[in-house]
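Below is one structure, written out as structure tokens, with a few remarks after it.
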Amino acid sequence: MPTEKLLSLNNIHVHYGGVKALDGVSVSIDEGEVVALMGPNGAGKSTILKTIFGLAPIESGTVAWEGQNFKPVSYEVVKRGISFVPQGRRVFKHLTVYENIEIGGWDVPVNERKERIENVLELFPALRPKLKAKSGTLSGGQQQMLAIARGLMIDPKVLLLDEPSLGLAPKIVKEVFAKIREINERRKTAIFVVEHNLKSLLEITTRAYVLDKGRIYAEGKPREIIEKGILQKVFLSQ
């Protein structure tokens, strides 16, 4: 590799049965970047995140961490400092907010866990008065914040976010993206984000990849992609 990125996928092919989900995809992210994955439904965006986290069957290609190839296995990926917040929030609704956050640090030494929880709550102060409440009683926006907070418990170098604005009201979407920006700026966390909300992405994203039918259609700064009408071309070709 000419340069060693923090995390990179190189010529990745993924099939689900007879369906080709990724067809020779290469993407990368470096320290401190926020990189967006955009494109129509079924383009392969979420599959990229699942591939990184060891949840998709790689037929061929390589995944590299700091220039060294490795085989993604979920629990080992976490130890490398990669955290995944899947689509749809998926909090443990029968557990309290505190218990949900604590579960995110299951592999963190007990003597460090409370400190990590405090650090996370500094980013999400709105969760503090809700710590004893069952997570199922929270609003959609609060559950999304909780899911992200839980994902930060391992103090990740790379945070994978799959459609964090899905199903949220516009005002809450703005709050979620402000929080994503704060995480990136305060913690220097690199963030891969799958998202359709282009307006929110413009202000926080370093680079963007546009996918279509399992392939990379374009790469560049989000504003350039929008100004060139690349997304319209991709969506209209469906």
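Counting charges near Thr137 (Lys, Arg +1; Asp, Glu -1) among other residues having Cβ under 12 Å from its Cβ returns a value of +4. For the chain, the antiparallel share of DSSP beta bridges with both residues in that region comes to about 60%.
Taking Lys and Arg as +1 and Asp and Glu as -1, the other residues whose beta-carbon sits under 14 Å from that of Gly32 total +2.
Label separation (Phe92 vs Ala169): 3.0 nm, computed from points 7 Å beyond Cα along the C-beta direction.
Projected onto the charge dipole of region 7-236 (+1 at Lys/Arg Cβ, -1 at Asp/Glu Cβ, origin at the Cα centre), which of Ala208, Ile183, Phe92 gives the Cα projection farthest towards the positive end? Of the listed residues, the answer is Phe92. Work out the P(r) tail for the chain: percent of alpha carbon pairs separated by more than 27 Å, whole number. Summing the P(r) of the chain above 27 Å gives 33 percent of all pairs. Pairs spanning more than 30 Å between alpha-carbon atoms, out of Lys114/Lys188; Lys114/Lys134; Lys20/Lys174; Lys130/Lys188: Lys20/Lys174. Only Lys, Arg, Asp and Glu carry charge here, each on its Cβ (+1 for the first two, -1 for the last two); on that basis the chain has a dipole of about 640 debye about its Cα centre. Taking amide H as placed 1.01 Å from N in the peptide plane, the amide H of Phe84 sits under 5 Å from that of Leu160, each at least 5 places away or on another chain.
Per residue, the chain reaches -10000 deg cm²/dmol at 222 nm when only DSSP H runs of four or more residues are counted, each adding -39500 (n - 2.57).
Stretched out straight at 0.36 nm per residue, the stretch from Arg223 to Asn10 would grow longer than its current Cα-Cα span by 74.2 nm. Picking from Asn111, Asn184, Asn41, which is most flexible by a Gaussian network model of the chain using Cα springs under 10 Å? Per the Cα network of the chain with a 10 Å cutoff, Asn111 tops the list. Note on Glu182 and Phe235: the model spin-label points, each 7 Å out from Cα along the C-beta direction, lie 3.0 nm apart. For Gly39, the residues 5 or more places off, or on other chains, whose built amide H falls under 5 Å of its own are Leu211. From the alpha carbon centroid of region 180-223 to that of region 72-117 is 23 Å. Comparing Lys213, Lys20, Lys171 in a Gaussian network model of the chain (Cα springs below 10 Å), the most mobile by mean-square fluctuation is Lys171. Sort out for me the Cα centre separation of region 10-34 from region 132-176, rounded to whole Å. Each part reduced to its Cα centre gives a spacing of 25 Å.
A simple spin-label model places pseudo-atoms 7 Å from Cα toward Cβ; at Arg80 and Val110 they are separated by 3.1 nm.
For GluC sites (Glu not before Pro), the sites in region 1-102 that DSSP calls loop and that have at most 16 other Cβ atoms within 10 Å are Glu4, Glu31, Glu66.
GNM remark for the chain: springs join alpha carbons under 10 Å apart, and the peak mean-square fluctuation among Ser26, Ser46, Ser139 falls on Ser139.
Any read-out appearing in this document is the output of simple, stated calculations on the displayed coordinates, not a laboratory observation. Since the structure is predicted, the reported quantities are computational estimates derived from the model, not experimental observations. Neighbour counts run over all protein chains shown; Cβ positions are idealised from the backbone, glycine included.
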